[in-house]
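Engineer: One structure, as structure tokens, below. Some questions next.
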Ligand SMILES: [Zn+2]
């Protein structure tokens, strides 16, 4: 890749021809990759796309980080149609995020998924950024949610002197808090009143090994939420 600066008549011109070529090649590679993927699927099963187009019935909702290194299907060895996915920076679940709530509601009440997995990953850039006092722009408002997790656990985190260890522990604590946030939603609590086959889990992916660590915070009951977060049935409230 070449990016040459030339002085012409006192003006600086930048030769980006090679850059453009690289970008075009990279873009075309996506189309080419798609064609190869279609061919491979059809070689395995001539009716693959006919079946895929009929509908989906995934048993899992994945709430993960937007980081390009943690795609839900590849990490879990699953196929298209098996995992419903929502991703955002640092896998944050905020009760005012209509996007996340809409995905959760559809997954739980229409698709009837059995597992909701909040999946973070060690070395998360969003979590690391939240541990600094630098200003990054609009994203600072999003990272505030992680700073709040830090504040909840500062007594533990402040004792960790190694920076990487501190980031990775906050990654784990962030996942745990987001699992808690998902469980606090009326979507999950109302579903628990109707069925017993819905669990919420917290995972962390280790990019250095590819392996998933189950944090052991799985829940299928509102019993551990605490009094003010546990909601009554809507009709019980109306009766008061
Ligand atoms: Zn991340």
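Engineer: Does residue 160 satisfy the criteria of being within 16 Å of the ligand (Cβ to nearest atom) and at negative phi?
Structural biologist: Details: within 16 Å of the ligand (Cβ to nearest atom): no; at negative phi: yes.
When the stated conditions are applied, residue 160 does not pass them.
Engineer: For the subset of the stretch 86-97 comprising residues that are over 23 Å from residue 197 (Cα atoms) and buried (at least 20 other Cβ atoms within 10 Å of the Cβ), which member is farthest from the ligand (Cβ to nearest atom)?
Structural biologist: 92
Engineer: Could you please find all residues in the stretch 106-126 being under 16 Å from the mean Cα position of the chain (by Cα) and either surrounded by 15 or more Cβ atoms within 10 Å (Cβ to Cβ) or free of Cβ contacts under 8 Å to residues at least 40 places away in the same chain (or both)?
Structural biologist: Taking the stretch 106-126 as the starting set, the residues that turn out to be under 16 Å from the mean Cα position of the chain (by Cα) are 107, 115-126.
Those that are under 16 Å from the mean Cα position of the chain (by Cα) and either surrounded by 15 or more Cβ atoms within 10 Å (Cβ to Cβ) or free of Cβ contacts under 8 Å to residues at least 40 places away in the same chain (or both): 107, 115, 116, 117, 118, 119, 120, 121, 122, 123, 124, 126.
Engineer: Here's another thing I want to ask about it. Only one of (1) under 22 Å from residue 69 (Cα atoms); (2) within 16 Å of the ligand (Cβ to nearest atom); (3) over 14 Å from the mean Cα position of the chain (by Cα); (4) surrounded by fewer than 17 Cβ atoms within 10 Å (Cβ to Cβ) fails for residue 129. Which number is that?
Structural biologist: Looking at each condition in turn, residue 129 falls short on (4).
Engineer: Kindly provide the set of residues from the stretch 53-72 that are closer than 19 Å to residue 106 by Cα and crowded, with 19+ Cβ neighbours inside 10 Å, ordered by number.
Structural biologist: 58, 60, 61, 62, 63, 64, 72
Engineer: Further question: Go through the stretch 40-52 and report how many residues are assigned to a helix (DSSP H, G or I) and either within 16 Å of the ligand (Cβ to nearest atom) or loosely packed, with under 10 Cβ neighbours inside 10 Å (or both).
Structural biologist: Let us first name the residues in the stretch 40-52 that are assigned to a helix (DSSP H, G or I), namely 40-44, 48-52.
Going one step further and asking which of them are either within 16 Å of the ligand (Cβ to nearest atom) or loosely packed, with under 10 Cβ neighbours inside 10 Å (or both), we end up with 43-44, 50.
Total meeting the criteria: 3.
Engineer: Of the conditions (1) surrounded by fewer than 21 Cβ atoms within 10 Å (Cβ to Cβ); (2) farther than 16 Å from residue 104 by Cβ, residue 174 satisfies every one except a single condition; which number is it?
Structural biologist: Answer for residue 174: the failing condition is (1).
Engineer: Suppose the filter is within 19 Å of the chain's Cα centre (by Cα), more than 16 Å from the ligand (Cβ to nearest atom), assigned by TED's automatic domain parsing to the domain that holds residue 61 and touching a residue at least 24 places away in the same chain (Cβ under 8 Å); does residue 181 pass it? Break it down into steps so the answer makes sense when it comes.
Structural biologist: On the way: within 19 Å of the chain's Cα centre (by Cα): yes; more than 16 Å from the ligand (Cβ to nearest atom): yes; assigned by TED's automatic domain parsing to the domain that holds residue 61: yes; touching a residue at least 24 places away in the same chain (Cβ under 8 Å): yes.
So residue 181 fits the description; yes.
Engineer: Let me ask something additional. Sort through 140, 158, 162 and tell me the only one that's surrounded by 12 or more Cβ atoms within 10 Å (Cβ to Cβ) and without any contact (Cβ under 8 Å) to a residue 24 or more places away in the chain. Steps first, please.
Structural biologist: Numbers: 158 fails: surrounded by 12 or more Cβ atoms within 10 Å (Cβ to Cβ); 162 fails: surrounded by 12 or more Cβ atoms within 10 Å (Cβ to Cβ).
Testing whether each residue is surrounded by 12 or more Cβ atoms within 10 Å (Cβ to Cβ) and without any contact (Cβ under 8 Å) to a residue 24 or more places away in the chain leaves just 140.
Engineer: Mind listing whichever residues of the stretch 53-76 are more than 16 Å from the ligand (Cβ to nearest atom) and either touching a residue at least 60 places away in the same chain (Cβ under 8 Å) or within 26 Å of residue 127 (Cα to Cα) (or both)?
Structural biologist: Let us first name the residues in the stretch 53-76 that are more than 16 Å from the ligand (Cβ to nearest atom), namely 53-61, 73, 76.
If the condition is that a residue be more than 16 Å from the ligand (Cβ to nearest atom) and either touching a residue at least 60 places away in the same chain (Cβ under 8 Å) or within 26 Å of residue 127 (Cα to Cα) (or both), then 60, 61, 73, 76 are the ones that fit.
Engineer: Within the bounds of the stretch 207-214, is there any residue that is closer than 25 Å to residue 69 by Cβ, assigned to a helix (DSSP H, G or I) and under 16 Å from the mean Cα position of the chain (by Cα)? I'd like the intermediate steps shown before the answer.
Structural biologist: Our first condition is that a residue be closer than 25 Å to residue 69 by Cβ; within the stretch 207-214, this holds for 207-214.
Filter once more, keeping what is assigned to a helix (DSSP H, G or I): none.
So far as the stretch 207-214 goes, no, none of its residues is closer than 25 Å to residue 69 by Cβ, assigned to a helix (DSSP H, G or I) and under 16 Å from the mean Cα position of the chain (by Cα).
Engineer: Would you pick out the residues in the stretch 101-127 that are closer than 19 Å to residue 149 by Cα and in contact with a helix residue (DSSP H, G or I) (Cβ under 9 Å, 6 or more places away or on another chain)? Outline the logic, then answer.
Structural biologist: Initial filter on the stretch 101-127 (closer than 19 Å to residue 149 by Cα): 117-127.
Answer for the stretch 101-127, where residues must be closer than 19 Å to residue 149 by Cα and in contact with a helix residue (DSSP H, G or I) (Cβ under 9 Å, 6 or more places away or on another chain): 117, 118, 119, 120, 121, 122, 123, 124, 126, 127.
Engineer: Of 83, 103, which residue is more than 16 Å from the ligand (Cβ to nearest atom), under 16 Å from the mean Cα position of the chain (by Cα), touching a residue at least 40 places away in the same chain (Cβ under 8 Å) and under 25 Å from residue 184 (Cα atoms)?
Structural biologist: On the way: 83 fails: touching a residue at least 40 places away in the same chain (Cβ under 8 Å).
From the options 83, 103, the qualifying one is 103.
The values are calculated or read from the model by the stated rules, or taken from the named source; none is laboratory data. Worth saying up front: this structure is predicted, and the values here are computed from it rather than measured. A quick note on method: Cβ atoms are made from the backbone with ideal geometry, for glycine too, and the neighbour counts reach across all protein chains shown.
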